[in-house]
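**Q** Below is a structure I'd like to ask you about.
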Amino acid sequence: MKVLRLPALLPAVFLCLSLSTPAQTAGAPAPQLKALPNGIELTSGTTILQVTALRDDVLRVRATHSGQLPEDASWAVLPEARTSTVKVTPAPTGFQTAALRVTFTPDLRLTVSDLSGIVLQQDARPIEWRGTSFTIDKQKSVDSHFFGLGDKPGPLDRAGRSFVMWNTDSFGWQESTDPIYKSIPFFIDYRAARALGVLFDNTFRTFFDFGHQSITDYTFSAPDGPVDYYLLYGPDPKRVIETYAWLTGPTPLPPLWSLGFQQSRYSYMNESELMEVADRLRADHLPADALYLDIDYQDKNRPFTVNTQNFPRFSQMVHDLAEKHFHTVLITDLHIPNLPGYAPYDTGKAGDHFVKNPDGTTYVGPVWPGPSVFPDFTQESSREWWGTLYKDFIHDGVAGFWNDMNEPAVFTYPSKTMPDNVQHRIDGTGFQPRTATHLEIHNVFGMQNSRGTYEGLLKLAPDQRPFVLTRASYAGGQRYASTWTGDNSSTWNHLRMTTPQLLNLGLSGFSMSGADVGGFAGSPPPDLLTKWLQLAAFQPIYRDHAVKGSRPHEPWADGPEQEAIRRRFIEERYRLLPYLYTTAEETSRNGVPIMRPLFLEFPNATTDGHPIDLDAGSEFLFGPDLLVAPNPSPEEVAPYEVHLPPGIWYDYWTGERIDRSEKIAARDLEQPSSPQAKTQADTQPKPETKAIPGIVTASQPLMITPTLADLPVYVRAGSIIPISPLTQNTEETPNGPLTLRVYAGDNCHGTLYQDDGKSFAFRTGQYLRMNFTCALNPDGSLTVHLSAPEGAFKPWWHQLRIEALGWTPTTRELTSSTTKSKLQQLNQSWTATIPQPTTATDLTLK
């Protein structure tokens, strides 16, 4: 390809340069430009900077200081995405796609803009190289906000803080603790309602500074490894999330039971204790689907064994629990006791599957079973061997597996992990065989452990969706496992931190995530456990878990009054399973998380484009339509204000209509532009505000007085929410009609997805999808349109119950081409039950 010297192309640019790279010292060659079909490559001495377009809205940036780009491989990015390409339009100083403009300065600084000229990202200075280490420095706007990086504790917005990526066993972590369990080097730069995603695909101990050291810059850096990062343009944040799923893969469709209530403890020590918990859940009519066994079910803490003294009927016990509609989940830590005669050790040694010391001997470190060895999950053959270890448990009917301690945790302090110089032998599809130190592999070790588990389960039970729960992971790890926030604590502050942690995990690809309900470390007071069980009913994974030695965390703890409140929210979770499962199916296609920050659905909710979440305390969205508004200070009793995005909303519990459609305008009027204007405004008569009965208007603050028994939840107008009759587990067939709760409003729509909840038959058409819309007509009637069902799956219901809110009938009738029914009033809604239509149908309510 044609090679051009930049100075000949850009004499005007050279006049304003004040920075230079190390390569531009005396005698160094001038930068050279090589046009590529999908981008550009610049060379200055031994420094190479390459920028290519994978799509019109996705750029990949690679660089080296050694004269040759490193191997093109990734644990995180899907091969089909990494090798994707589009043609670009060359320009003298860069190139252009259908969405982005890329320009360079002669000292190899990069600027990315949209086609209107708005700068999305700009290098503050060239890449700084110091041996194998490097720092990438970007200009930071004063109004930039940063989201992502997985489950880092602290506020939702990462601006003004710095972080390190190094998977760490952090028992008892606190708000200021960093790092903890996961390393997900993906973030969203959000400003002026525009979003740009950045994935820094480097597995070493990477660092991120979002304006901590300098308010004008943000940086990401690494001590070694490749400069390899991806830019994902929105402009809206939901588009960035969808693109990140395209790049690294979405969360697979989970088994339906994993969305139910899950009860766990470290540990249920014997069969009798576990069965007592199962029987109490059923006797107290507390819906539940899963029971967990922590390490004490094993023989001397050895993975893939059973303590037959405490669990003498293990296989039959799993069968008995399944008869009661409980799914058993077992912990299977990755440390293998260094013990000849122990089958996993013997087969692992025979296959040469363990991590090595630099001298070629097998690395041994102390963990729960004592001196242990560790599978080398960077070898494809070792992952395959690991997967075979689950054979007996699958035969017993175990439904899911929990990969803990996989940072990897080693009981050697202060590092809490294996030495940096331990050797991993990378060997598998997509990688050139080579040896790498633990410094490079540490952050992907847990991810590859969960990958081995997931792929092994698929081979052992090819038509059963695996459920794997992992503590440690890396970008792209959502393809193999769900996750949780690790060993949190039984404090009000940890309850408060749960929401931003799970929101950032969702933005980082992990839609199926949760936090130990009640807090793992410690004993929650009764009110804290109740509030936690309430909140977690609206989070993706709903698992109650506790440390050994703590007081009981089960829902019946603390007496019948507390249990009744907790039961109410667990039951509501099960009624909402059609809505939740539909949302989970959506995330399996496009990556949009189940639990969402408000700005993901309402990117233009503020006048200056800042994320509305920064005003809204602890609020979040559960799926696209339900807004959950817990007290931002959950231990307090003082009233707090709920900040709903502009529009019409409904109280989920009462059906009360809440009008916030003029909220932005009202706020603007309350904020004069100058002190003089404020003085004048204070002397002017205030317009009279007339409250409409039953409606909260925009000029009235929405103040909530917290009570133990309540959690505010709201539904945006224009939503159609599918709801089922209450069941005690996901295998129980609901008794009654499917309810479509219609909240009349603009752009009214909803979706329902169903399948068998456990197999992959949906891939061959065994599913049901229905789309719904509603519209208010000039004559005052309400039309609800039901699309023709898609797919061959036959659902459990034979009738539909329509509940319409936000609209008042005149003749109180529901009619269609095939049915006619009287509307009945129920609180704020009007209802009727009809036979399930088999074709597209318009229902007219009038």
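**Q** When the residues of region 234-245 are narrowed to those that are open to solvent by 30 Å² or more (accessible area, probe 1.4 Å) and assigned to a helix (DSSP H, G or I), which ends up nearest to Pro462 (Cα to Cα)?
**A** Here the answer is Glu242.
**Q** Moving on to the next point. Mind telling me which of the residues Leu702, Leu740, Leu708 ends up being among the hydrophobic types (A, V, I, L, M, F, W, C), within 30 Å of Asp558 (Cα to Cα) and in contact (Cβ under 8 Å) with a residue 60 or more places away in the chain?
**A** Sole residue among the options that is among the hydrophobic types (A, V, I, L, M, F, W, C), within 30 Å of Asp558 (Cα to Cα) and in contact (Cβ under 8 Å) with a residue 60 or more places away in the chain: Leu708.
**Q** Further question on the same structure: Scan region 206-223 and give yes if some residue there is under 15 Å from the mean Cα position of the chain (by Cα) and modelled with pLDDT of 95 or more, otherwise no. Full working, then the answer.
**A** Step one: of region 206-223, the residues under 15 Å from the mean Cα position of the chain (by Cα) are none.
No, that holds for no residue.
**Q** Another question, then. If you take the residues in region 246-273 that are in contact with a Lys or Arg (Cβ under 9 Å, 6 or more places away or on another chain), among the polar types (S, T, N, Q) and within 30 Å of Ser372 (Cα to Cα), which one is surrounded by the fewest Cβ atoms within 10 Å (Cβ to Cβ)?
**A** My answer is Ser267.
**Q** Quick check: anything in region 431-443 free of Cβ contacts under 8 Å to residues at least 40 places away in the same chain and part of a loop (DSSP other than H, G, I, E, B)?
**A** Checked against the condition, which is being free of Cβ contacts under 8 Å to residues at least 40 places away in the same chain and part of a loop (DSSP other than H, G, I, E, B), region 431-443 yields no hits at all.
**Q** So how many residues does region 279-296 have that are surrounded by 23 or more Cβ atoms within 10 Å (Cβ to Cβ) and either modelled with pLDDT under 95 or in a helix (DSSP H, G or I) (or both)?
**A** 1
**Q** Going through Phe204, Phe210 one at a time, which residue ends up being among the hydrophobic types (A, V, I, L, M, F, W, C) and open to solvent by less than 10 Å² (accessible area, probe 1.4 Å)?
**A** None of the others qualify; the one that does is Phe210.
**Q** Still on this structure: Would you call Thr764 in contact with a Leu (Cβ under 6 Å, 6 or more places away or on another chain), hydroxyl-bearing (Ser, Thr, Tyr), open to solvent by 10 Å² or more (accessible area, probe 1.4 Å) and under 30 Å from Ala399 (Cα atoms)?
**A** no
**Q** Residue check, Glu276 against (1) surrounded by fewer than 21 Cβ atoms within 10 Å (Cβ to Cβ); (2) farther than 26 Å from His145 by Cα; (3) touching a helix residue (DSSP H, G or I) at 6+ places or on another chain (Cβ under 9 Å); (4) not small (Gly, Ala, Ser), all met but one. Which one?
**A** In the conditions (1) surrounded by fewer than 21 Cβ atoms within 10 Å (Cβ to Cβ); (2) farther than 26 Å from His145 by Cα; (3) touching a helix residue (DSSP H, G or I) at 6+ places or on another chain (Cβ under 9 Å); (4) not small (Gly, Ala, Ser), Glu276 misses (3) alone.
**Q** Turning to a different aspect of this structure: Is region 539-559 home to any residue that is basic (Lys, Arg) and in a helix (DSSP H, G or I)?
**A** Checked against the condition, which is being basic (Lys, Arg) and in a helix (DSSP H, G or I), region 539-559 yields no hits at all.
**Q** Look through region 560-598, keep the residues that are open to solvent by less than 10 Å² (accessible area, probe 1.4 Å), assigned to a helix (DSSP H, G or I) and of a type in the set (Lys, Arg), and return whichever of them is farthest from Trp532 (Cα to Cα).
**A** Ranking the qualifying residues of region 560-598, first place goes to Arg573.
**Q** Residues of region 27-72 being of a type in the set (S, T, N, Q) and either part of a strand (DSSP E or B) or open to solvent by less than 40 Å² (accessible area, probe 1.4 Å) (or both), which ones?
**A** Correct list: Gln32, Asn38, Thr43, Ser44, Thr47, Gln50, Thr52, Thr64.
The values are calculated or read from the model by the stated rules, or taken from the named source; none is laboratory data. Since this is a predicted model, take the numbers as computed values, not measurements. Neighbour counts are summed over all protein chains in view; Cβ atoms, including those assigned to glycine, are modelled from backbone coordinates with ideal geometry. Accessible surface areas use protein heavy atoms only, side chains included; no ligands, DNA or RNA. Shrake-Rupley method; radii C 1.70, N 1.55, O 1.52, S 1.80 Å.
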